[in-house]
Amino acid sequence: MASMDTAPAAPAIPARRARRTPIFGSRRNLERALPWMVVIGIFLFWEVTVRVFSIPDFILPSPTAIWESYLRWQPAILDNAGQTLFTTVFGFAIAIVFGLALGVAIGSSTLVYNGLYPILIGFNAIPKVAVVPILIIWFGIGTVPAVITAFLISFFPIVVNVATGIATVEPELRDVLRALGAKSRDIVLKVGLPRAMPYFFASLKVAITVAFVGSILAETIGSNKGIGKLMVVASSRFDTPLVFAGLLVTAFMGVAMYVIANWFETRMTGWATRGMTQNQQAGM
Amino acid sequence: MAAFVELDRIALRYGGEESGTLALLDTTLNVKEGEFVAVVGPSGCGKSTLMKVVAGLWPQSAGTAIVAGREVSGPLSIVGMAFQAPTQLPWRNVIDNVMLPLEIVQPHRSQLRAKRAMYVQKAQDLLSLVGLKGFDTKFPWQLSGGMQQRAQICRALIHEPKLLMLDEPFGALDMFTREELWNVMQEVVMDRKPTVILVTHDLREAVYLADRVVVMSARPGRMIHERIVPFPRKRTLEDTYKPEFAEIVQDLRNHISMAREQAA
């Protein structure tokens, strides 16, 4: 009886699956392909628009013109991009160490929180453009102001996120440990820090992208190397395709660093994003 | 025999001297070693506050609290606690959650590294005692609410506390799971024989599990009634339908209703 009941149902399942996923095989593949399709779509639209309306290169260069410019200036672009990547990652690394330490301090002590938070807010409100000239006066034109600007602009989101993660530990969880005689150091190490990790990694993704803003900002105001400098020189020569090539290389580096941060995030805090991965296990 | 837990005319006020909320007033409670006492009362009567005083998490405003012959002046590591919320750490799997107290309480803390295999075995034994055998590498969010509470009971017991404090640990569970866990709890008590204080609003639960049930008044809470539960262990769920059982539950309920009327 049972086999007769299930027999007609069996072919219906593959048929439905085939209908739902025609091109990409599965929804996951579609999700993976989607960003690339959007990027390609934007560039196609851009290329077509520029050609149809015959927009001159020095106003809006077409993607192919930008690509040509990139190939022509490739050694210079890569050299300057390397400099920018270096200052950004260096400043970002300092921001991680400093931001994590300060975030733990602020998050685990109301005293430190009350003492430092207003100053932090005030400091973050200062436009970093205004700080760069001072840094140049202090450290001269070169790598140091770019590193410091990248650090200054990217440490704030890290501090705020880590502090939030630690400060919002559930009172019951704190009680469980306190009832065992745990010192506040134990509570921060066993509960606060692990709990703050998802916040920390989320902030890294913001911080790495604004770190690029910081170093390029410093390079545009005063430096002798870097993507920012390259774009200033190129725009003073009305070489708009080269400016755009610099922009796109920066965007590419930003995305690459984001992907790295994202990889670390999923590796280390998979428990926090379980909602997205659970669907795959739901079958059991 | 001297009481293991001795609360003498405890008062506790949250917040300021005048404006604060008076949660406990003249609360007196004695618990013998190895005794299982359930504390019941209308909601908001200060049951959980009482737990915090005994555990040393909140200092009382007046009165004395003595646990194991020593006045309570701060958290005691001889206490194991379980709460209504499962309070498991989501980044640790079940066995690492259960073993968390060992990373804090001495002398286990300094021995953990050297005797890890022994401690893991202990945790495994506890997990099988509460029916979680084979779930040690699962993460809390892969378990049902009832299973998380089982894991929490293991965590409360792993450092072999002399005093087990349960703050409505079964309150958030459905009826069937709850009754199942009553039996788990009874197994644990018969196996380990700790002193237990259980705070609950479920009168059947209190009578089923405890040797003695204490009724608290509405806020500010104090003890207004107590009943010894004479049924021998091991008790079964059928016992809860016997008239003697129903009579005790009924008596407790009347006292709580009276306490609520007086408060209103």
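The figures follow:
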read-out: Neighbours by Cβ (under 6 Å, 6+ apart or cross-chain): first from region B:12-36, in the same structural domain as B:Phe231 (by TED's automatic domain parsing); second of a type in the set (Asp, Glu); value: B:Thr28/B:Asp8; B:Asn30/B:Glu6; B:Glu35/B:Asp211; B:Phe36/B:Asp211
read-out: Residues being buried (at least 20 other Cβ atoms within 10 Å of the Cβ), at the interface with chain A (Cβ under 9 Å from one of its Cβ atoms), assigned to a loop (DSSP other than H, G, I, E, B) and touching a strand residue (DSSP E or B) at 6+ places or on another chain (Cβ under 8 Å) - total across region B:71-91; value: 2
read-out: Region A:226-284, subset within 23 Å of the chain's Cα centre (by Cα), among the hydroxyl-bearing types (Ser, Thr, Tyr) and farther than 23 Å from A:Gly142 by Cβ, residue modelled with the highest pLDDT; value: A:Tyr258
read-out: A:Ile141 being within 30 Å of A:Gly222 (Cβ to Cβ) and either part of a helix (DSSP H, G or I) or under 23 Å from the mean Cα position of the chain (by Cα) (or both); value: no
read-out: Flag if A:Asp79 is among the acidic types (Asp, Glu), closer than 30 Å to A:Ala218 by Cβ and outside any loop (DSSP other than H, G, I, E, B); value: yes
read-out: Qualifying positions in region B:212-256 - part of a strand (DSSP E or B) and of a type in the set (Val, Ile, Thr); value: B:Val213, B:Val214, B:Val215, B:Ile224, B:Ile228
read-out: One residue from B:Val40, B:Val5 being β-branched (Val, Ile, Thr), crowded, with 21+ Cβ neighbours inside 10 Å and under 17 Å from B:Glu168 (Cβ atoms); value: B:Val40
read-out: Flag if B:Trp182 is farther than 23 Å from B:Pro101 by Cα, among the aromatic types (Phe, Trp, Tyr) and either without any contact (Cβ under 8 Å) to a residue 12 or more places away in the chain or surrounded by fewer than 20 Cβ atoms within 10 Å (Cβ to Cβ) (or both); value: yes
read-out: Helices (runs of 4 or more DSSP H) lying entirely in region B:92-209 (those with 2 or more residues that are over 25 Å from B:Glu238 (Cα atoms) and within 12 Å of chain A (Cβ to nearest Cβ)); value: B:94-98, B:108-111, B:145-157
read-out: Options A:Thr209, A:Thr168, A:Thr164: the member that is away from chain B (no Cβ under 11 Å), under 30 Å from A:Ser69 (Cα atoms) and of a type in the set (S, T, N, Q); value: A:Thr209
read-out: When residues of region B:36-67 are limited to those that are within 14 Å of chain A (Cβ to nearest Cβ) and in a loop (DSSP other than H, G, I, E, B), the one farthest from the chain's Cα centre (by Cα); value: B:Pro59
read-out: Any chance B:Thr49 is among the hydroxyl-bearing types (Ser, Thr, Tyr) and surrounded by 20 or more Cβ atoms within 10 Å (Cβ to Cβ); value: yes
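The values are calculated or read from the model by the stated rules, or taken from the named source; none is laboratory data. Just so you know, these numbers come straight off a predicted model, no measurement behind them. Methodologically, a virtual Cβ is constructed for each residue, glycine included, from the backbone with ideal geometry; neighbour enumeration extends over all protein chains shown.
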